Amino acid sequence: MPGQDWKSLCTERKQKQLELIPKEWTFVPPTDQKQSVIDIPAKTGILTSLELEITETTDVDILLNYLATGKWSSVQVTTAFYKRAIIAHQLTNCLTEIFIERALARAKELDEYLAKNGKSIGPLHGLPISLKDQFCIKGMETIMGYAAWIGKVAERDCVLVEILNELGAVPFVRTNVPQTLIWGETYNNVFGRTTNPYNRYMSPGGSSGGEGALLALKGSPLGVGTDIGGSVRIPSAFCGLYTLRPSYERLPYCNAVNAQEGQESVSSVLGPMANSLSAVKRFTKSIIDAKPWSKDPLAVRKEWSDKEYSLEYHGGGIGLCIGMMWDNDVIKPHPPLVRAMELTKKALEAAGHKVIDWTPHRHLDIYRNTEKIFAADAGHDYRVECEKSGEPLIATMRPEDDPHPYSLEIPLAKVLAAATEHLNAYDLWQLHKEKRILRKSHLDHWEATVSQTGTGRPVDAIISPAVAYVACPHGLNSDAFYTTLCNALDYATSVFPVTTVDKNLDQVVPPHQFRNHEDEAVYKFYDPELFHGLPVGLQLIGRTQEEEAVIAMTEIVDKALADYKLKHSV
């Protein structure tokens with residue numbers, strides 16, 4: 001490696017990855033990039049009927065029950081999901097680390113333990129779990145999208161992997177990320193671009209976009225991503241998944257790698273991503289029950305609360321009052337998002353809940369403060385990591401071969417434009433101080449809604465878009481403030497799927513008075529024909545350290561939507 005140029009390093013590492021794919025698991029993917037490939041895994045002939053049944057079982061509680069009782073072995077389940085993950089990779093380029101023998105050896109150990117002891121090791125016994133390429137596994141590279149990190153082998157497991165092993169899980173693949181992690185898309189010079197399986201011309205989101213694409217194709221029953229500005233919520237919304245963005249330090253991040261390490265005013269958090277809410281709850285509860293504060297000094301010492309999950313502080317979940325944030329006053333949502341919110345409002349009201357309009361509060365102040373914090377080092381961290389190998393700092397996610405005609409200001413450009421030189425310590429402290437003032441102001445605004453709800457409580461949660469649009473063409477995902485708002489305020493937040501884009505129902509609306517250049521550009525790139533069939537998700541925003549209640553309220557919303565759709569044939 002010494003003396004090699006960055007391009008040859010990347011080429012060799014990508015070839016090494018391809019050589020780890022068993023020939024009998026390969027096939028010829030379709031060439032039409034705008035064709036949905038969601039149904040392709042079941043049509044390749046690679047998966048047996050049992051493997052199809054296993055991988056189509058999206059309720060993780062069912063999977064875990066079958067694993068704990070021995071109906072399905074961990075080797076069977078891990079093999080099935082590994083094969084499907086490899087299929088998903090050939091369709092979307094979603095994986096980084098492939099370690100089949102190691103994962104199957106772990107699954108075999110778990111099966112032998114169950115056979116010998118007549119009981120499972122823990123609540124995640126035998127379950128394959130995919131991990132974003134930040135979660136270190138001993139003896140394996142953690143490249144995180146940087147050429148300079150090729151060959152960087154972890155000397156120990158990160159705390160999350162330690163706990164997953166103790167709980168009986170089987171870490172089995174790692175998934176792709178963007179260089180620097182600051183993007184809401186997924187592309188780097190080492191592993192390339194990840195695409196959205198609903199339409200590969202579109203982005204799967206980011207920075208946990210590899211997880212999003214993998215899970216959408218059911219190549220994993222449960223994945224773990226990270227989120228500092230929307231990085232589990234954006235890909236979940238774009239790929240039709242459920243997720244949870246927990247509060248700062250509720251789940252253990254220790255010994256995972258990251259960009260901008262040391263920036264702790266807006267903390268990155270880890271969260272589960274899955275095709276079912278059962279997986280989100282099971283993961284969150286299992287990790288918290290493992291007392292992560294005994295391994296991670298920053299993890300909050302707060303046990304799982306059944307009282308909070310039963311919504312004791314929210315009227316027991318009866319007659320909730322939800323604030324609907326139709327628009328954040330920065331970027332106006334596309335028509336499919338508006339229809340999804342209207343549908344959710346009708347479903348909640350039909351289920352006996354109250355929905356009132358939420359008034360945005362000091363959003364531009366919060367936005368400016370957060371971007372300045374992210375840019376406090378003027379991009380020094382990103383440049384240093386790129387300079388180690390000589391690779392360029394990626395400046396756009398637009399593909400060279402088929403770029404969409406619209407050009408937006410990109411996330412990294414926003415961060416770098418926010419500061420031209422390093423802030424000194426005092427100036428950074430002033431931003432931290434301002435952030436606390438803004439959090440207090442927003443808390444007071446939330447508490448004041450008690451005068452509007454009729455429940456004697458402030459609004460129980462807020463529902464809003466996670467992004468102003470659904471999965472968009474590569475290079476156009478510039479908006480992350482619907483999600484970053486929650487990172488700045490440290491609100492526990494979920495994302496849940498609602499519907500899909502319908503070109504007949506979601507027509508272009510007349511232009512509004514544009515608030516800014518980005519608002520105008522977002523309006524102009526909406527195309528009902530191109531976006532037809534893509535998932536539409538929303539986020540549910542709760543309070544700080546209220547993960548249990550957010551999960552429970554999301555379950556209520558999800559059921560209300562299912563019941564309403566069934567009754568009204570929506």
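Read-outs throughout are calculated quantities, based only on the coordinates presented, and are distinct from any laboratory measurement. What you see is a predicted model, and the numbers here were worked out from it, not measured in a lab. We place every Cβ from the backbone using ideal geometry, glycine too, and count neighbours over all the protein chains shown.
Quick one: which residues, 5 or more positions from Arg515 or on another chain, have an amide H under 5 Å from its amide H? H modelled 1.01 Å from N in the peptide plane, none for Pro or chain starts.
Distant-sequence amide H within range of Arg515: Glu520.
What Kirkwood hydrodynamic radius do you get for region 71-119 when you take the inverse of the mean 1/r over all pairs of distinct Cα atoms, in Å? Mind showing how you got there, number by number?
Working: mean 1/r = 0.0848 Å⁻¹.
Kirkwood hydrodynamic radius for region 71-119: 11.8 Å.
Taking θ = phi - 60°, what integer Hz values does the Karplus form 6.51 cos²θ - 1.76 cosθ + 1.60 yield along region 270-284, in sequence order, with x for Gly and Pro?
Using θ = phi - 60°, the values come out as 9, x, x, 10, 6, 8, 9, 5, 4, 5, 4, 5, 4, 4, 4 Hz.
With only alpha-carbon pairs counted, each pair once and no self-pairs, how large is the Kirkwood hydrodynamic radius of region 175-219 in angstroms?
On the way: mean 1/r = 0.1004 Å⁻¹.
One over the average 1/r among Cα pairs gives 10.0 Å for region 175-219.
Quick one: net charge around Ser494, please, counting Lys, Arg +1 and Asp, Glu -1 for every other residue with C-beta under 12 Å from its C-beta. Please report the intermediate quantities before stating the final value.
Working: positive: Arg233, Arg245, Lys281; negative: Asp227, Glu546, Glu547, Glu548, Glu555, Asp558.
Net local charge, Ser494 excluded: -3.
How large is the convex hull of the C-alpha atoms of region 449-570 per residue, in Å³? Kindly include the intermediate steps, with their values, before the conclusion.
Details: hull volume 19.1 nm³, N = 122.
That works out to 157 Å³ per residue.
Leaving out same-chain residues fewer than 8 places away, which aspartates and glutamates sit with a Cα under 16 Å from that of Lys16?
Straight-line reach from Lys16, under 16 Å: Glu97, Glu101, Glu141.
Quick one: how many lysine pairs in region 50-188 have C-alpha atoms under 15 angstrom apart, if they're 8 or more apart or on different chains?
Details: Lys71/Lys108; Lys71/Lys119; Lys108/Lys116; Lys108/Lys119; Lys138/Lys152.
Lysine pair count for region 50-188: 5.
Give me the dipole magnitude in Debye, nearest 20, for the chain about the Cα centre, with unit charges on the beta carbon: positive for Lys and Arg, negative for Asp and Glu. Numbers along the way, then the final one.
Values: 59 positive and 71 negative charges, 139 e Å.
Dipole magnitude for the chain comes out near 660 debye.
Give the cross-link partners of Lys503 among the aspartates and glutamates, using a straight C-alpha distance below 15 Å as the criterion and excluding same-chain residues fewer than 8 apart.
Asp527, Glu529
Could you give each residue of region 213-219 its phi-based ³J(HN,Hα) in whole Hz, using Karplus coefficients 6.51, -1.76, 1.60 with θ = phi - 60°, and x for Gly or Pro?
The phi angles translate into 5, 4, 5, 4, 8, 6, x Hz.
Mean residue ellipticity at 222 nm from the helices of the chain, using -39,500 (n - 2.57) per DSSP H segment of n ≥ 4 over the full residue count, to the nearest 500 deg cm²/dmol?
Working: 20 runs with 221 residues, N = 570.
Result for the chain, helices only: -12000 deg cm²/dmol.
Taking amide H positions as placed 1.01 Å from N in the peptide plane, with prolines and chain starts having none, which residues 5 or more places from Gly537, or on another chain, fall under 5 Å of its amide H?
Residues meeting the criterion, in which the H sits 1.01 Å from N, are Val498.
For Glu529, what is the net charge nearby, where nearby means another residue's Cβ is under 13 Å from its Cβ and Lys, Arg count +1, Asp, Glu -1?
Summing Lys and Arg as +1 and Asp and Glu as -1 gives -1.
Using only the Cα atoms of the chain, what do you get for the radius of gyration and for Dmax, in Å?
Here Rg and the maximum Cα pair distance are 22.4, 69 Å.
Taking the dipole about the Cα centre of the chain, with the C-beta of Lys and Arg at +1 and of Asp and Glu at -1, give me whichever of Gly184, Gln452, Val300 is farthest to the positive side.
Working it through, the farthest residue towards the positive pole turns out to be Val300.
Any idea how far apart Arg102 and Asp306 come out in nm if each label point goes 7 Å out from Cα toward Cβ?
Label-label distance for Arg102 and Asp306, simple model: 3.8 nm.
When the chain is fully extended, how far beyond the present Cα-Cα distance does Trp429 get from Lys71, taking 0.36 nm per residue of separation?
On the way: separation 358, 0.36 × 358 = 128.88 nm, distance 5.66 nm.
Between Trp429 and Lys71, full extension yields an extra 123.2 nm.
Taking H placed 1.01 Å from N in the peptide plane, check which residues at least 5 places from Thr48 or on another chain put their amide H under 5 Å from its amide H.
The answer is none.
Across the chain, where is the longest run that never hits GluC sites (Glu not before Pro) in a DSSP loop with at most 14 other C-beta atoms within 10 Å? Walk me through the intermediate numbers first.
Working: sites that count: Glu56, Glu155, Glu261, Glu264, Glu303, Glu400, Glu409, Glu421.
Longest gap between qualifying sites, sites excluded: 422-570.
If you take the charge dipole of the chain about its Cα centre, with +1 on Lys and Arg Cβ and -1 on Asp and Glu Cβ, which of Ser278, Cys486, Val498 is farthest toward its positive end?
Ser278
Set Lys and Arg Cβ to +1 and Asp and Glu Cβ to -1, take the dipole of the chain about its Cα centre, and tell me which of Ile150, Ser569, Gln513 lies farthest positive.
The Cα lying farthest towards the positive end belongs to Ser569.
Can you run phi through the Karplus equation (6.51, -1.76, 1.60; θ = phi - 60°) for region 199-209 and list ³J(HN,Hα) in whole Hz, with x for Gly and Pro?
5, 6, 6, 9, 7, x, x, x, 7, 8, x
Dipole magnitude of region 16-121 about its Cα centre, charges +1 at Lys/Arg Cβ and -1 at Asp/Glu Cβ only, in debye to the nearest 20?
I would put it at about 200 debye.
Count charges around Ser569 for me, please; just the other residues with Cβ under 15 Å from its Cβ, Lys/Arg as +1, Asp/Glu as -1. Mind showing how you got there, number by number?
Details: positive: Lys346, Lys565, Lys567; negative: Asp502, Asp563.
Summing Lys and Arg as +1 and Asp and Glu as -1 gives +1.
Which of the lysines could a cross-linker bridge to Lys281, judged by Cα under 17 Å and excluding same-chain residues fewer than eight apart?
Within reach: Lys291, Lys302, Lys307, Lys559.
Obtain the nm distance between the two label points defined at Lys567 and Ser441 by a simple spin-label model: each point lies 7 Å from its Cα along the Cα-to-C-beta direction.
About 4.1 nm separates the two model spin labels.
Given just the C-alpha atoms of region 1-134, how large is their convex hull per residue in cubic angstrom?
Details: hull volume 19.8 nm³, N = 134.
Per-residue hull volume (Cα only) is 148 Å³.
Looking at region 217-362, send over the antiparallel percent of its DSSP beta bridges, to the nearest 5.
Roughly 65 percent of the DSSP beta bridges within region 217-362 come out antiparallel.
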